[in-house]
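**Student:** The structure that follows is given in the form of structure tokens.
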Amino acid sequence: MSIRVVVVDDQDLVRTGLVMILDAQPDIEVVGEAADGRAALDLVARLRPDVLLVDIRMPLLDGVEVTRRLAGPGVADPLAVVVITTFDLDEYVLDALRAGARGFLLKDAGPGLLVQAVHAAADGEALIAPNVTRRLLATFADQSPKVPAQPIEPLTDREEQVLALVARGRTNPEIAGELFISLSTVKTHVASLMTKIGARNRVEIAMWAYDTKRT
């Protein structure tokens with residue numbers, strides 16, 4: 001089955017380019033487009049896509065608020081949201097990640113990374129543009145509590161290895177290949193990490209790893 005995507009960006013040229021790239025993939029279908037946040041919420045309610053690709057800065061409702069309403073902590077059935085921005089140090093990106101986004105890309109990331117991000121989000125993973133991951137996490141760490149939350153149970157050696165690779169932006173298949181373990185085993189370790197450190201998604205795992213100086 002195709003991954004159903006809604007694309008939201010207030011710039012017609014950018015939105016058209018994103019749609020063309022995604023629609024060219026055999027397993028991705030763009031089912032809707034919107035130019036502002038309110039229209040995005042209406043489209044999602046009507047179409048219920050698998051992934052929402054949303055710009056940060058938009059009229060009416062920005063990408064952060066859209067993300068919070070669709071993927072925030074209180075949302076019963078959160079949507080997979082990937083934010084896209086021109087600014088790699090934009091403070092709104094941090095807000096979007098806290099609001100529940102599964103990752104973000106820069107608009108110059110290129111078609112390959114865009115497609116990867118959509119696939120990762122649809123699979124319950126997260127992809128953060130590699131060239132800004134460390135700077136983003138460093139900025140987040142500077143704004144985080146000085147004493148990071150401790151895991152409810154100690155992490156195993158294998159979980160520490162998986163944690164480090166998640167923090168570097170590796171996907172589950174990449175982790176499986178690097179550690180020579182099965183994909184299902186990786187998913188088990190990631191789920192265990194989320195439980196032990198109280199993370200809601202892979203982005204929060206990466207943030208916790210950086211905050212506790214495990215990267």
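Just so it is clear, none of the values below were taken in a lab; they were calculated from the coordinates. Bear in mind the structure is a predicted one, so any value in this text is a computation, not a measurement. So basically every Cβ, Gly included, is an ideal-geometry build from the backbone, and we count neighbours across all protein chains shown.
**Student:** When the convex hull of the C-alpha atoms of the range 145-212 is computed, what volume per residue in Å³ does it have?
**Tutor:** That works out to 75 Å³ per residue.
**Student:** By how many nm would the segment from A24 to S182 grow when fully extended, if each residue of separation counts as 0.36 nm and the alpha-carbon distance is taken off?
**Tutor:** Stretched out fully, the A24 to S182 stretch lengthens by 53.8 nm.
**Student:** Could I get the Rg over Rh figure for the chain? Both from C-alpha atoms, Rh via Kirkwood, rounded to two places.
**Tutor:** 0.96
**Student:** Between L47 and R200, what length in nm is gained on full extension when 0.36 nm per residue of separation is reduced by their alpha carbon distance?
**Tutor:** 52.6 nm
**Student:** Can you figure out the FRET efficiency of T16 with T156, using R₀ = 35 Å and their beta-carbon distance, to the nearest 0.05?
**Tutor:** Computed FRET efficiency for T16 and T156 comes out at 0.15.
**Student:** Would you work out the charge dipole size for the chain about its Cα centre, treating the Cβ of every Lys and Arg as +1 and the Cβ of every Asp and Glu as -1, and quote it to the nearest 20 debye?
**Tutor:** Computed about the Cα centre, the dipole is about 580 debye.
**Student:** Output needed for the range 1-128: three equivalent-ellipsoid semi-axes, defined as square roots of 5 times the C-alpha gyration tensor eigenvalues, in descending order, whole Å.
**Tutor:** Value: 18, 16, 15 Å, ordered largest first.
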